[in-house]
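Trainee: Before anything else, here's the structure in question.
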Amino acid sequence: MRRLMFLAAAAFFAFTATAGAEEWEKYDKPVPTKITVRVLSHGAMAMSKDTGVMVVLRDARTGVVLDQGTTEGTPGDEVALLRAGYPRIRGKAGLVKGDKGFVFEDLKAEQKMKEKKWRMPDPLFDIRDERKPEDLKAVVYEAGSDAAKYEATINISKPTLLSVEAYGPLLPRRAMSTIMTSFWAFPGVDITGEGVVLTLRGLIVDLQDSMREAQIKLSDVKDGIPAMFYLRLLSGSQLMANQKMGIPWDSAGVNITVQAYYKGKLYYEDTKTADKLELDAAMYRAMMPLPAGLPEKDIKKEKIK
């Protein structure tokens, strides 16, 4: 009896081992597999060709680069990405044209525009404002455009753990941020649609004179040294003071810290919200006082970067 059980077990093992071998033989040759990658700017739109982002796909085990390139397309549908509610349980985020979610229309948008002195009305309910249920109308919203994406085709012969890295924005490079994640890919099973989604954090901050050294004269800066700089979200979207326009990116919610050094030592530091320094939708200005004891004869030799 024991011998029969042993033989039966051996036969079962041989059968499963053979079946396993046949399964792997299907992938003796690499199978083309499509991978879609999208990169979002945190709290904003998709990274597109406007600011640029590099995507690198690697074999996570070996580190070998399987494909790389930049995203192509538009930043996407603003309402779909930032204002509409999408059922995440179905993997929908408004990144793909046709994704459906819901929004609340603000029936008193014109009144709110006049009260806040905006340049245009915001037709959608902003959760930062108080509204009565009768002032709102729930509607289904459908994404009108695809968000920028990078489409790769890799050749794999077995389930492979991949790592994907994103670097951006490509311009200006000093604002570059990175993000990486990993996922399993199976031969011939395409990852398309929304695809693999990464989110880059940070802002584009670029001094107006950052590409050169600026010489100044003491007579021109007796009231302080002006520092002009650009400030945008990584996707290239504008920040704007809330009282100027009803848009989701409020410069009043962004803190800017200005530091000034003289002879290697910090002599001034100040933090203000971006709306206090804003000149227009992209340009900002901060003022720094002159350091104490600055000799007038040396001012022409000083260089401000």
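Trainee: Please state which of the following conditions Asp146 fails to meet, knowing it meets all the rest: (1) open to solvent by less than 20 Å² (accessible area, probe 1.4 Å); (2) in a loop (DSSP other than H, G, I, E, B); (3) not hydroxyl-bearing (Ser, Thr, Tyr).
Mentor: (1)
Trainee: Checking Ser163 against (1) out of contact with any Phe, Trp or Tyr (no Cβ under 6 Å at 6 or more places or on another chain); (2) at pLDDT 90 or above; (3) outside any strand (DSSP E or B): exactly one of these is not met. Which one?
Mentor: Among (1) out of contact with any Phe, Trp or Tyr (no Cβ under 6 Å at 6 or more places or on another chain); (2) at pLDDT 90 or above; (3) outside any strand (DSSP E or B), Ser163 violates only (3).
Trainee: Let me ask something additional. Glu115: over 30 Å from Leu203 (Cα atoms), modelled with pLDDT under 90, open to solvent by 40 Å² or more (accessible area, probe 1.4 Å) and over 22 Å from the mean Cα position of the chain (by Cα), yes or no?
Mentor: On the way: over 30 Å from Leu203 (Cα atoms): yes; modelled with pLDDT under 90: yes; open to solvent by 40 Å² or more (accessible area, probe 1.4 Å): yes; over 22 Å from the mean Cα position of the chain (by Cα): yes.
Criteria met by Glu115.
Trainee: Kindly evaluate Thr199 against the criterion of being in contact with a His (Cβ under 7 Å, 6 or more places away or on another chain), open to solvent by 30 Å² or more (accessible area, probe 1.4 Å), among the polar types (S, T, N, Q) and modelled with pLDDT of 90 or more. Explain how you work it out, then say what you get.
Mentor: Details: in contact with a His (Cβ under 7 Å, 6 or more places away or on another chain): yes; open to solvent by 30 Å² or more (accessible area, probe 1.4 Å): yes; among the polar types (S, T, N, Q): yes; modelled with pLDDT of 90 or more: yes.
The answer is yes for Thr199.
Trainee: Shifting gears a bit: Out of Asp122, Asp77, report the one residue that is over 23 Å from Thr192 (Cα atoms) and either open to solvent by less than 90 Å² (accessible area, probe 1.4 Å) or not hydrophobic (A, V, I, L, M, F, W, C) (or both). Reasoning before the result, please.
Mentor: Details: Asp77 fails: over 23 Å from Thr192 (Cα atoms).
Only one candidate qualifies: Asp122.
Trainee: Also: Determine the pairs where a residue that is farther than 18 Å from Lys132 by Cβ, located within segment 109-120, has a partner that is part of a helix (DSSP H, G or I) with Cβ atoms under 7 Å apart, the partner being 6 or more residues away or on another chain.
Mentor: From segment 109-120, the pairs are Met120/Met113.
Trainee: Still on this structure, I have one more. Check Thr181 against each of (1) without any contact (Cβ under 8 Å) to a residue 60 or more places away in the chain; (2) over 17 Å from Gly63 (Cα atoms); (3) open to solvent by 40 Å² or more (accessible area, probe 1.4 Å); (4) β-branched (Val, Ile, Thr) and name the one condition it does not meet.
Mentor: Evaluating Thr181 over (1) without any contact (Cβ under 8 Å) to a residue 60 or more places away in the chain; (2) over 17 Å from Gly63 (Cα atoms); (3) open to solvent by 40 Å² or more (accessible area, probe 1.4 Å); (4) β-branched (Val, Ile, Thr) leaves (2) as the failure.
Trainee: Does Leu40 satisfy being open to solvent by less than 20 Å² (accessible area, probe 1.4 Å) and closer than 22 Å to Glu165 by Cβ?
Mentor: no
Trainee: With (1) open to solvent by less than 40 Å² (accessible area, probe 1.4 Å); (2) in contact (Cβ under 8 Å) with a residue 60 or more places away in the chain as the list, and Gln215 as the residue in question, which single condition is left unmet?
Mentor: Result: Gln215 passes all but (1).
Trainee: In segment 125-143, what residues are at pLDDT 85 or above, surrounded by fewer than 17 Cβ atoms within 10 Å (Cβ to Cβ) and under 26 Å from the mean Cα position of the chain (by Cα)?
Mentor: Within segment 125-143, Val140, Glu142 meet the criteria.
Trainee: Of Ser182, Ser163, Ser177, Ser219, which residue is within 15 Å of the chain's Cα centre (by Cα) and of a type in the set (S, T, N, Q)?
Mentor: On the way: Ser182 fails: within 15 Å of the chain's Cα centre (by Cα); Ser163 fails: within 15 Å of the chain's Cα centre (by Cα); Ser219 fails: within 15 Å of the chain's Cα centre (by Cα).
Only one candidate passes the filter, namely Ser177.
Trainee: Tell me which of these Lys29 doesn't satisfy, since it passes every other one: (1) modelled with pLDDT of 90 or more; (2) open to solvent by 40 Å² or more (accessible area, probe 1.4 Å).
Mentor: It is condition (1) that Lys29 fails.
Trainee: Yes or no: Val103 of a type in the set (A, V, I, L, M, F, W, C), closer than 20 Å to Ser237 by Cβ and not in a loop (DSSP other than H, G, I, E, B)? Please lay out each step first, then the result.
Mentor: Details: of a type in the set (A, V, I, L, M, F, W, C): yes; closer than 20 Å to Ser237 by Cβ: yes; not in a loop (DSSP other than H, G, I, E, B): yes.
In short, yes.
The values are calculated or read from the model by the stated rules, or taken from the named source; none is laboratory data. Every value quoted in this text rests on a predicted model; they were computed, and no experiment measured them. Note that each Cβ is placed from the backbone with ideal geometry, even for glycine, and that neighbours are counted across all protein chains shown. Heads up: the accessible areas ignore ligands, DNA and RNA and are worked out on the full protein's heavy atoms, side chains in. Shrake-Rupley method; radii C 1.70, N 1.55, O 1.52, S 1.80 Å.
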